[in-house]
1. If the requirement is being open to solvent by 20 Å² or more (accessible area, probe 1.4 Å) and either of a type in the set (D, E, K, R) or modelled with pLDDT under 90 (or both), which of these qualifies: S12, S81?
2. Considering region 113-127 alone, what residues qualify as being open to solvent by 30 Å² or more (accessible area, probe 1.4 Å) and not aliphatic (A, V, I, L, M)?
3. Among the residues of region 61-101 satisfying the criterion of being among the hydroxyl-bearing types (S, T, Y) and without any contact (Cβ under 8 Å) to a residue 12 or more places away in the chain, which is farthest from L177 (Cα to Cα)?
4. List pairs: first in region 13-26 and more than 9 Å from G74 (Cα to Cα), second charged (D, E, K, R), Cβ under 6 Å, 6+ apart or cross-chain?
5. Across region 90-103, what is the number of residues that are under 16 Å from the mean Cα position of the chain (by Cα), of a type in the set (A, V, I, L, M, F, W, C) and within 10 Å of I71 (Cβ to Cβ)?
6. Of the residues in region 129-176, how many are among the polar types (S, T, N, Q) and buried (at least 17 other Cβ atoms within 10 Å of the Cβ)?
7. What number of residues within region 230-270 satisfy the criterion of being acidic (D, E) and either in the same structural domain as V180 (by the TED database) or touching a Gly at 6+ places or on another chain (Cβ under 9 Å) (or both)?
Amino acid sequence: MADVLDIRQYRSPAATALMSLAVAVLYYAAGRLGLMGRLVVEGVVVTPIWPPTGVAVAALLLLGARVWPGIALGSFLVIASLTTPGPTTVVTVVSNTVAPLCAFLLLTRAGFRLDMARLRDGLSLVFLGGFGAMLISATAGVGLQVAKSSLDTTEFWPVWLAWWVGDTMGVLLVAPLLLVLAGPAGRFRVRRWKEAALLGLATLILMPMAVLSPVGMLFLVFPLLIWAALRFQLTGSMLCALFASVLATFEANAGRGGFLHLSDVEIMAKLQAFNGSAALTALLLASVITEQRATRRSVRRACRELAEVLEHLAAGEPAPGPPGTAESRAAPSGGP
């Protein structure tokens with residue numbers, strides 16, 4: 001028994017180390033992808049969508065707070081890939097680690113459910129995990145730039161807003177998708193595959209048209225988001241929202257389509273408004289639809305149980321108890 005206990009003691013830290021290493025790799029990969037769409041605001045490089053924050057929050061919710069070293073390591077690797085690490089790197093790494101941890105603690109305290117089957121889960125992710133917790137990383141990151149005299153105090157708020165929205169969009173667009181994909185897969189009928197293919201085709205055709213058009217037709221994205229949320233809940237809506245936001249980010253970076261002839265600050269403001277609207281529409285509408293469907297299933301199940309009770313009462317038999325009760329266990333199995 002002592003040998004078995006020793007093996008378990010060594011296995012648990014090893015498993016935690018492997019999970020933390022996997023989180024670090026995913027964080028770094030997401031960071032490199034996010035940097036592909038970076039913009040320059042007031043001379044500071046910012047990202048309209050920072051996927052690592054979504055990876056970090058999802059990893060903490062799925063694996064627990066024990067994988068926080070992986071977040072810190074991933075943040076350090078991203079910074080090291082951009083510049084030579086220095087004493088200020090510690091502050092950035094700490095803030096990038098504390099912000100997702102704060103989001104995890106707030107969501108846990110609020111009773112957040114990983115399936116996000118309730119509207120309150122969507123609202124919690126938006127206001128606690130996104131808007132609230134990401135204040136830490138944005139304030140620490142931009143404040144560090146001001147302290148180093150790399151950024152003037154008059155430029156604090158525009159850069160802070162861009163940083164904060166970028167981190168928040170990472171949580172709102174990436175974390176829900178990862179949580180849904182990590183959950184159990186539901187049944188998917190053949191006719192839903194056909195509808196999913198039609199939605200995907202419409203998305204691939206209409207979204208580039210909406211984003212690339214210089215007339216300003218970004219509003220065409222939202223009917224697709226509503227369709228995806230109504231029919232495919234979080235999986236469909238978040239995929240569409242992420243695709244639209246990534247496409248808009250690259251077009252904004254190139255200064256084309258709906259972002260033509262705009263200044264850097266105007267591009268960032270328009271892009272942030274679009275990304276935020278798309279993320280909130282997809283997330284909250286899908287949460288409402290999922291909650292309504294769950295309520296409908298519960299009502300149907302209760303009606304079936306009530307019908308069975310009425311049938312037994314009409315036949316003069318005792319009503320069956322709920323599954324697992326003493327009455328149901330004592331009921332005959334059908335044999336003589």
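The values are calculated or read from the model by the stated rules, or taken from the named source; none is laboratory data. Please read these numbers as outputs of a predicted model, since none were measured by experiment. Quick reminder, even Gly has a Cβ in these numbers, built from the backbone with ideal geometry, and neighbours come from all protein chains shown. What goes into the accessible areas is simple: the full protein's heavy atoms, side chains included, and nothing from ligands, DNA or RNA. Shrake-Rupley method; radii C 1.70, N 1.55, O 1.52, S 1.80 Å.
1. Numbers: S81 fails: either of a type in the set (D, E, K, R) or modelled with pLDDT under 90 (or both).
When all the criteria are applied, what remains is S12.
2. Residues satisfying the conditions are R113, D115, R118, R120, F127.
3. T84
4. Partner pairs satisfying both residue conditions: T16/R66.
5. Within region 90-103, residues that are under 16 Å from the mean Cα position of the chain (by Cα), of a type in the set (A, V, I, L, M, F, W, C) and within 10 Å of I71 (Cβ to Cβ) number 2.
6. Count: 3.
7. Looking only at that region, the number is 1.
Residue-by-condition table, conditions (1) within 23 Å of K270 (Cα to Cα); (2) modelled with pLDDT of 90 or more; (3) not in a helix (DSSP H, G or I):
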| position | (1), (2), (3) |
| --- | --- |
| P158 | yes, no, no |
| W164 | yes, yes, no |
| L173 | yes, yes, no |
| P184 | no, no, yes |
| W193 | no, no, no |
| G200 | no, yes, no |
| T203 | yes, yes, no |
